Number of protein chains: 2
Amino acid sequence: MRLSDTIESFIKELLGASEEDGVELKRNELAEYFQCAPSQINYVLSTRFTPDHGYMIESRRGGGGCIRIIHVERKQGDYLDYLIRERVGLSLADKDAQLLLRQLVESSTISREDGLMIAAALSPQALAVPVPETVKCALRARIMRSMLLNIARRNQRTKQPAPTALIRIEHHEV
Amino acid sequence: MRLSDTIESFIKELLGASEEDGVELKRNELAEYFQCAPSQINYVLSTRFTPDHGYMIESRRGGGGCIRIIHVERKQGDYLDYLIRERVGLSLADKDAQLLLRQLVESSTISREDGLMIAAALSPQALAVPVPETVKCALRARIMRSMLLNIARRNQRTKQPAPTALIRIEHHEV
DNA sequence: AAGACTGACTATCTTTGACTATCTAAGTAT
DNA sequence: ATACTTAGATAGTCAAAGATAGTCAGTCTT
């Protein structure tokens, strides 16, 4: 078994054992424990604990610093989960983003308020920085996923599970 | 727990227990109590009790000198306005964004949910596209402004600038 | 070729201590 | 009395040291 896989399972065990929906760990301690370079931890995090995997990472440097990993439960057949993992993809044109948002609000997958918040974050004015359109598309996709994940997490916290279920498996390139 | 965090909570407890909206303390006594260098107190004040955090500091040197910490209450609408117009500016470092969000939630200017949504949109993971940091700073400012503006509009629509419960969020929970 | 792994370099946050600035009070000179 | 001086008591500043985590390009493995 590869080291990365071992570390991955270890972290997932920690998450499973935790009361909360997240765990805190010290990068250096973990690296010490597994006898590897500290940057190996970053590698594991960036390849196996990404937003599309349903994880959020927060960290602090300096004395007393640490890494926090938050897991958002994915339920089978959860539409939000499908969106984050597949539908949004790596690139999202402005037009597609608006279309998607409208669908999500109309199908009550997300609230109107949340839809407006996402729209605000993705608005052309917000993204009016001098970068190629391809980069903006990547950005839209990332921001969209990150915000949807946050909504999923909130749903999980409030124990008020997904408003809808309906999975429509459409093709997913945007 | 970091010493700075401990001292921060201690001071906030004092503030909470106080009848006034401020407390007075002796730098050296505090330092003695926490067994640290007096300048540590200055560090805590300058990183956690700034105007952005909603605090004002006054002090007197010499015999009988002391430090006074005052918590400033702000009107929601005005504060949001100020943020949108002045504070956010054209550029916003990651650190500043987090600081700002934390203060906004602590002062109930925005709800915890909105704070988390903005944090999700501004998270390093969401902005992980290959552009210079200067561009990211510009982007953060724009997204932040756009989302705050959306909140302000929503408040106006509902005519009910409803705050939320006072929730103390943890350090990088924002 | 793709994924796993590493190490040097960088960025950020905390803590400390030496040095500086300011204030009060008491003492001294006029 | 009034002005000046000085000692002691505070607080402020800043840069260095320490403690973490992040990045990235190159190497190794499969």
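The values are calculated or read from the model by the stated rules, or taken from the named source; none is laboratory data. Quick caveat, the model's predicted, so the values are computed rather than measured. Methodologically, a virtual Cβ is constructed for each residue, glycine included, from the backbone with ideal geometry; neighbour enumeration extends over all protein chains shown.
Quick look at the numbers
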quantity: Odd one out for B:CYS66 among (1) within 12 Å of DNA strand C (Cβ to nearest atom); (2) under 21 Å from the mean Cα position of the chain (by Cα); (3) touching a residue at least 40 places away in the same chain (Cβ under 8 Å); calculated: (2)
quantity: Residue in the stretch A:43-53 that is at pLDDT below 95, in the same structural domain as A:GLN125 (by TED's automatic domain parsing) and acidic (Asp, Glu) present; calculated: no
quantity: B:ALA138 of a type in the set (Gly, Ala, Ser), closer than 16 Å to A:ARG140 by Cβ and within 9 Å of another protein chain (Cβ to nearest Cβ); calculated: no
quantity: Any hit, the stretch B:107-120, residues being away from chain A (no Cβ under 11 Å), out of contact with any helix residue (DSSP H, G or I) (no Cβ under 6 Å at 6 or more places or on another chain) and over 16 Å from A:LEU127 (Cα atoms); calculated: yes
quantity: Helices (runs of 4 or more DSSP H) wholly inside the stretch B:1-55 containing at least 2 residues that are closer than 21 Å to B:VAL72 by Cβ and within 14 Å of DNA strand D (Cβ to nearest atom); calculated: B:3-17, B:38-48
quantity: Residue under evaluation B:VAL44, criteria (1) within 14 Å of chain A (Cβ to nearest Cβ); (2) away from DNA strand C (no atom under 11 Å from the Cβ); (3) not small (Gly, Ala, Ser), criterion not met; calculated: (2)
quantity: Whichever residue in the stretch A:63-87 is touching a Gly at 6+ places or on another chain (Cβ under 8 Å) and in a loop (DSSP other than H, G, I, E, B) and, among such residues, is nearest to the other protein chains (Cβ to nearest Cβ); calculated: A:VAL72
quantity: Options A:LEU148, A:LEU90: the member that is within 10 Å of chain B (Cβ to nearest Cβ) and either within 14 Å of the chain's Cα centre (by Cα) or small (Gly, Ala, Ser) (or both); calculated: A:LEU148
